[in-house]
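Remarks on the structure that follows.
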Amino acid sequence: MKHDLNIIPLSEWGLSAPERPIVIAGPCSAESEEQMLATARGLMGTHVSMFRAGIWKPRTRPGSFEGVGSVGLAWLKTVKQETGFQTATEVANAGHVAEALEAEVDLLWVGARTTANPFAVQEIADALKGVDIPVLVKNPVNPDVDLWLGALERLNASGLKKLGAIHRGFSGVRKTIYRNEPLWQLPIELRQRAGNVPMFCDPSHISGKRDLVQDVCHRAMNLDYHGLMVETHVSPETALSDAAQQVTPARLTEILSHIVAKSVTSDDQVYRGKLDALRDDIDQFDQDLLDLLARRMEAALEIGRIKKQNNVTVYQAGRWDVVRNRMQEHAREHGLGEAFTDGLLKLIHQESINKQQELILDDE
Ligand code: PEP
Ligand code: MN
């Protein structure tokens with residue numbers, strides 16, 4: 001189903017620097033006024049236009065640093081006065097919203113654990129009724145686009161129109177190099193379903209380690225994201241939360257210098273010509289693939305008919321293992337990934353089984 005959100009384009013949000021990518025940087029947590037000011041000063045004169053800091057920290061287990069609380073809001077105000085940066089913080093309930101608005105924070109975001117909880121999102125949406133402030137919604141910790149979209153819908157229904165999304169990755173059972181697996185197709189799906197909602201990338205929570213931050217930023221820019229939120233700390237090693245993933249202001253400046261905002265299209269004739277030719281090729285390949293799959297399915301159905309006549313089971317494990325091994329070897333020669341090949345074959349095989357089952361069950 002298509003959900004038509006009523007979102008104001010990012011260029012009309014009243015941000016102090018609306019050119020893409022919009023970069024929000026600052027520490028995971030506000031720790032002291034000195035830490036905040038030193039970090040913010042290190043970011044002056046860079047492409048960064050907004051300063052972030054977590055005031056209330058949602059921690060997975062009690063006993064970790066849970067944020068300095070309300071006093072940190074005064075430090076955010078000092079940062080704004082001393083450096084001119086607009087400010088942003090995370091809100092998780094109506095009380096946080098009231099305090100952040102009182103402290104004139106410029107942008108609010110909803111954290112990943114909160115997005116996963118519709119009661120909390122509704123409470124925030126109710127508290128923001130009639131308020132004109134930009135709100136960014138992080139993806140929920142679990143890979144569920146509906147929850148993400150639902151949070152945007154709740155806020156939009158409260159009259160908030162400066163809405164955006166932050167992609168911070170998803171926790172999962174698989175072990176990967178990332179702290180939170182990016183699953184890049186999910187933010188793409190959200191953008192399609194939510195009327196091209198402005199999309200920010202949070203490379204810090206995706207990567208979990210500072211060495212990966214630049215790579216994730218590049219990937220996000222290649223996918224035409226509107227902005228970045230990067231955890232930045234004047235002394236990352238001593239940070240009270242997320243120490244491994246924060247970068248210094250100097251390092252962030254270096255990362256940003258490598259990021260050229262890419263335009264979605266180019267008028268260059270040679271580029272256009274090459275692109276059109278390659279897209280024609282791809283369209284033809286896709287058609288050929290489907291034609292081949294249809295022929296494969298016809299053969300599978302014929303096998304089903306023969307199996308039925310001979311009273312043989314649909315699934316025969318030995319045969320499938322042989323097919324799989326042979327195809328994996330073939331895929332390797334072509335440089336195709338093992339997981340991709342396996343997933344594709346499983347999908348095709350499953351559809352063959354389903355069709356054969358239908359055929360056999362049809363007249364039983
Ligand atoms: C954060 O931005 O510091 C934070 C808590 O992030 P997330 O909600 O993505 O875990
Ligand atoms: Mn953090």
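The values are calculated or read from the model by the stated rules, or taken from the named source; none is laboratory data. Predicted, not measured: the structure shown is a model, and the values here were computed from it. Note: ideal-geometry Cβ built from the backbone for every residue, glycine included; neighbour counts use all protein chains shown. The accessibility values were calculated without ligands, DNA or RNA, using every heavy atom of the protein model including side chains. Shrake-Rupley method; radii C 1.70, N 1.55, O 1.52, S 1.80 Å.
Mind listing just one residue for me: the one in the range 223-247 that is touching a residue at least 24 places away in the same chain (Cβ under 8 Å) and surrounded by fewer than 18 Cβ atoms within 10 Å (Cβ to Cβ) and, of those, farthest from ligand 2 (Cβ to nearest atom)? Applying the filter and picking the extreme gives ASP224. Identify, by number, the condition in (1) under 10 Å from the mean Cα position of the chain (by Cα); (2) at positive phi that LEU186 doesn't meet. Single failed check for LEU186: (2). Selection of first residues in the range 289-318 that are within 13 Å of ILE348 (Cβ to Cβ) and open to solvent by less than 90 Å² (accessible area, probe 1.4 Å) and of second residues that are of a type in the set (Lys, Arg) and modelled with pLDDT under 95, restricted to Cβ pairs under 8 Å at least 6 apart or on distinct chains, gives the following pairs, ordered by first then second residue: MET297/LYS355; ALA300/LYS355. When the range 180-218 is filtered for residues that are without any contact (Cβ under 8 Å) to a residue 40 or more places away in the chain, within 16 Å of ligand 1 (Cβ to nearest atom) and either part of a helix (DSSP H, G or I) or acidic (Asp, Glu) (or both), the ones remaining, listed by number, are GLU181, PRO203, ILE206, SER207, LEU212, VAL216. Of all residues assigned to the range 256-265, at least one qualifies as being part of a helix (DSSP H, G or I), touching a residue at least 60 places away in the same chain (Cβ under 8 Å), closer than 30 Å to LEU163 by Cβ and away from ligand 1 (no atom under 16 Å from the Cβ). Residue count for the range 269-288 satisfying the condition of being open to solvent by less than 80 Å² (accessible area, probe 1.4 Å) and either farther than 17 Å from LEU344 by Cα or of a type in the set (A, V, I, L, M) (or both): 6.
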